[in-house]
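Since the structure comes first, as structure tokens, the remarks are kept for the end.
Every read-out reported here was derived from the displayed coordinates using simple, explicitly stated rules and does not represent laboratory data. Treat the numbers as computed from the prediction; the structure is a model and nothing was measured. As a convention, Cβ positions derive from the backbone with ideal geometry for all residues, glycine included, and neighbour counts pool all protein chains shown.
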Amino acid sequence: MSTLLAHSSSKGIQHEATAPTLQLEKVSVTYNLGPGSLSNGRNLTGSQIQYALKDISFAVDRGRRVAIVGPNGAGKSTLFKLIIGQLRPAQGRVHIFGHGPEEHICVGYVPQRSHIDWTFPVTVSDVVMMGRVGKIGFFRWPRRRDKEIVGQSLERVQAGHLAHKQIGELSGGQQQRVFIARALAQEAELLLLDEPLAGLDIPSQEAIFEILDSVQADDVTVLLATHDLSLAAEQFDQILLLNQKIIAYDIPTAVLTPDHLLQAYGGKSVNI
Ligand code: ADP
Ligand code: MG
């Protein structure tokens with residue numbers, strides 16, 4: 001275990017030892033067709049209800065690396081927002097180490113790059129220090145130990161030299177690494193990455209996988225949304241193929257069959 005994860009026992013709620021890292025049971029998320037945004041669906045009539053996710057059940061064991069794959073609008077980002085507790089299911093239950101999402105500070109989230117305001121005036125080390133908020137508490141100052149952990153996290157993603165830069169000045173690959181450093185500083189045990197590879201060149205993608213290899217050695221569980229089916233096949237233990245509902249969830253060769261891909265993508269061509 002690295003020093004970064006060594007003091008994980010002090011985190012949030014006590015984990016249930018035998019529970020899977022993540023378990024979803026018959027989870028549905030709905031949104032309102034009207035001008036409103038995502039809702040719990042309770043005030044909608046049948047024809048107005050649109051499911052972003054429908055009847056999703058799956059579990060992920062500790063230390064696994066799972067690719068979340070599916071066309072645009074399949075519900076990949078919605079799934080991550082459910083897991084971090086930003087959205088609540090209309091039906092069903094989400095469990096992380098046996099408890100609801102709101103009771104945890106062990107879930108690290110790297111949002112889709114296009115969903116972040118990169119003009120926000122904040123330095124790289126500020127972003128990574130945000131990962132410590134769950135530990136420090138909102139109204140306390142970081143201690144020396146927190147600053148050390150921020151420094152170590154940045155070094156671990158080879159971004160120590162970027163600490164004082166504004167986040168908007170970074171390349172796409174550097175931005176992703178900084179957000180992964182934030183999750184490391186948080187001492188995340190479940191790491192969710194929403195399309196971190198999109199728009200990155202091959203060396204930057206390889207750098208991300210080197211970091212994922214190192215966190216996997218610490219038993220961190222990783223869910224990563226991607227459109228790249230060949231990377232999903234090469235680099236992941238399992239693939240969850242999604243299009244509102246789960247089309248398949250298994251080892252890559254069992255998931256990436258013509259029949260499953262047709263169900264997920266219809267007639268659209270996909271690269272494998
Ligand atoms: P993906 O990440 O796979 O592209 P999303 O989770 O972003 O898919 O979206 C799933 C579905 O939910 C899409 O049909 C999308 O239009 C809808 N959706 C996502 N966020 C909202 C929102 N805030 N309000 C209404 N509909 C939404
Ligand atoms: Mg998305």
D (Stokes-Einstein, µm²/s), Kirkwood Cα radius, the stretch 70-170, 1.567 mPa s at 4 °C: 82 µm²/s
message: What does the charge count around ARG62 come to, taking other residues whose C-beta lies under 10 Å from its C-beta (Lys +1, Arg +1, Asp -1, Glu -1)?
response: -2
query: Taking the highest mean first, how do the peptides 115-126, 146-157 order by number of other beta carbon atoms within 10 angstrom per residue?
result: 146-157, 115-126
- prompt: Going by average Cβ neighbours within 10 Å, how do the peptides 179-185, 163-169, 247-253 rank, with the highest at the top?
  reply: 179-185, 247-253, 163-169
task: Amide H neighbours of LEU193 under 5 Å, at least 5 residues apart or on other chains, H built in the peptide plane: list them.
output: VAL110, LEU223, LEU224, ALA225
